[in-house]
1. Taking DSSP loops as anything outside H, G, I, E and B, show the longest stretch in the chain free of chymotrypsin sites (Phe, Trp or Tyr not before Pro) there with at most 16 other beta carbons within 10 Å.
2. Ala21 to Ala196: extension gain in nm, 0.36 nm per residue of separation minus the Cα-Cα distance?
3. Return the carbon/sulfur percentage of the accessible area of the chain, one whole number, probe 1.4 Å, all protein chains in place.
4. Can you compute the modelled spin-label distance between Trp105 and Glu3, with each label point 7 Å from Cα toward Cβ, in nm?
5. Could you derive backbone 3J(HN,Hα) for the range 126-138 from the dihedral phi with the Karplus parameters 6.51, -1.76 and 1.60 (θ = phi - 60°), listing whole Hz in sequence and x where the residue is Gly or Pro?
6. Among bridges DSSP assigns within the chain, what percent are antiparallel (round to 5)?
7. Hey, could you pull the Cα Rg and Dmax for the range 6-191, both in Å?
8. Rounded to the nearest Å, what's the spacing between the alpha carbon centres of the range 24-42 and the range 54-78? Just the number, please.
Amino acid sequence: MAERPSLLLAAFPPELAGLDAAPPPGWIAGVTGVGAVSAAIETARLVAQHAPARVLFVGTCGAYDARLAPGDLLSASEAVATSLDEVEGRAYRPAIERVRWPAGWALPLPAHAVAVPPAITRTAAGARALAAVGAAEHLELTGVFAACHAAGVPAAAALAVANRVGPDAHAEWKAAHAAASAALRAALEARGVLPAHGP
C-alpha cells in the first residue's frame, strides 16, 4: 500500500513561498482562501480528496505584544476563535460552542496560542485586549484545525510574524510578508519538517 501523503496548506499562494509550484516529495500543496469559514470549507474538501496522514498549515501572522516580534517564527499550540467584542464584554458565545483547537502534532518552533478573530484588528488598544487570548493574530487557523479535527487528521501550523497588530499592520505586512514566508520555508527545511529541495 502506498504511503499516505502529507498536506501543506496556506491561505494564499505567496505564503507557500514557491512550494505551490513544486511541493516537497511526499507532500501535496493547496490554498484555503482567506478567513476561517473559507479555510474550513476548503481544508475539509482537500482532506477528503487527498486523505493525508497529516496537515501542516504555513502562513504569516501579527504579534500582539512583546512576546513576539516581526521576523519571529512560531508554532501554534492552539487556535482560539475570539473577537474583540467578546474580550471586552460586549458579546458572548453559547457555552456549548467550541472555540479552541489544539495542534495535533509538534513542530520544532516556539509554541504560542494563536487568536483567530473574524477580522483584522486595527487598533493598539484592541491588540492589547486580544493579547489575553494569544500571542499572535491569524485569520484562518480555527477553520483549518476544526476541519482537520472533524476528519481525524492531525494538524499543525507554522507561522512567521510579519507585523505588529495595530494601525500600521497592513503596511508592515505588505512590506514583509514575502520575506517572512521565505524565512519560514527555509527554517522548516533546515529543521527537517519539510524535505529541502530546489529554489
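1. On the way: sites that count: Tyr92, Trp105.
Value returned for the longest uninterrupted segment is 106-199.
2. Values: separation 175, 0.36 × 175 = 63.00 nm, distance 1.45 nm.
61.6 nm is the gain from fully extending Ala21 to Ala196.
3. Details: 5560 of 9150 Å².
Carbon and sulfur together cover 61 percent of it.
4. 1.1
5. x, 4, 4, 5, 6, 4, 5, 8, x, 8, 9, 10, 8
6. Details: 8 of 33 bridges.
Taking every DSSP beta bridge within the chain, about 25 percent pair in antiparallel fashion.
7. In order Rg, Dmax, the Cα atoms of the range 6-191 give 15.4, 48 Å.
8. Centre-to-centre (Cα) distance: 17 Å.
The values are calculated or read from the model by the stated rules, or taken from the named source; none is laboratory data. Remember, it's a predicted structure, so these values are computed and weren't measured experimentally. Neighbour counts are summed over all protein chains in view; Cβ atoms, including those assigned to glycine, are modelled from backbone coordinates with ideal geometry. We work out accessible area using only protein heavy atoms, side chains counted, and drop any ligands, DNA or RNA first. Shrake-Rupley method; radii C 1.70, N 1.55, O 1.52, S 1.80 Å.
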